[in-house]
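Working notes for the structure below.
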Amino acid sequence: MRNKYQFLLGIPYKALFDFAFMVSFVALEKYDKAIDFVNRLDSYDKTRIRKDLIPTKNAINLIIHYELNNRAFLASLIQNAKFYFNKKEKFLKTEKTIAVYIGKLLKTINKTEQTSLFKELHLRLLEYRVDPFEENAFDYFDYISWAESHLCSKKFNQLVKEKFAKKYSNHYNTESE
């Protein structure tokens, strides 16, 4: 049925929907499905989709393959990311930091070292979160909760739900009174 109405949406809108589905499947830990949407995003003419989606998609793609333990493919993705960052004049530090730390995590098998790297990554992301130039990166994906999930051994989606409930519990409680 989706193909029947596909012509009604232009590529920019299709890309936004595909991006949202990709993020949703990551949150649900359905990484294979998320990859399908990464591939769909990659198939679009890059001049027709929003420029901010491409590097964010690339950072999330690294996270997907990290979670799937696709170590060999990740090495290739990280090389592509380095090429992209060297070529591009403007990019978000958040995106580059994700690539750098996933590259470091690839080189470690020791759980203590991995935890240390996730702590460093978490601290960096917290710094970037308050940077006006970087804050948009966090509108698309909760990188901080992803890093935290590896520090506290909770599922990413569980951590996001808890944060959401905590953030909005007072809001909903005062509205009902």
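Derivation of every value follows stated rules applied to the coordinates shown; laboratory data play no part. Source: prediction; values computed, not measured. Heads up, the Cβs are rebuilt from the backbone with ideal geometry, glycines too, and the neighbour counts pull from every protein chain shown.
Below are the figures for this structure:
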read-out: Cα centroid separation - the range 111-133 against the range 44-110, whole Å; value: 16
read-out: Spin-label pair L123/K155, simplified geometry with 7 Å Cα→Cβ offset, distance in nm; value: 3.1
read-out: Set of aspartates and glutamates near K96 by C-alpha distance (under 20 Å), chain-local residues within fewer than 8 positions excluded; value: D42, D52, E67, E120, E127, D131, E134, E135, D139, D142, E148
read-out: Protection proxy ranking of 53-59, 130-136, 13-19, 104-110 - average other beta-carbon atoms within 10 Å, highest first; value: 53-59, 13-19, 104-110, 130-136
read-out: Extension gain from K30 to K51, taking 0.36 nm per residue of separation minus the Cα-Cα distance; value: 5.0 nm
read-out: Pairwise FRET efficiency - N136 versus T112, Cβ, R0 = 25 Å, nearest 0.05; value: 0.15
read-out: Set K88/K166; K93/K166; K14/K93 screened for pairs whose C-alpha atoms are more than 30 Å apart; value: K88/K166
read-out: Percentage relative contact order, the chain, counting C-alpha pairs under 8 Å, at least six apart; value: 17
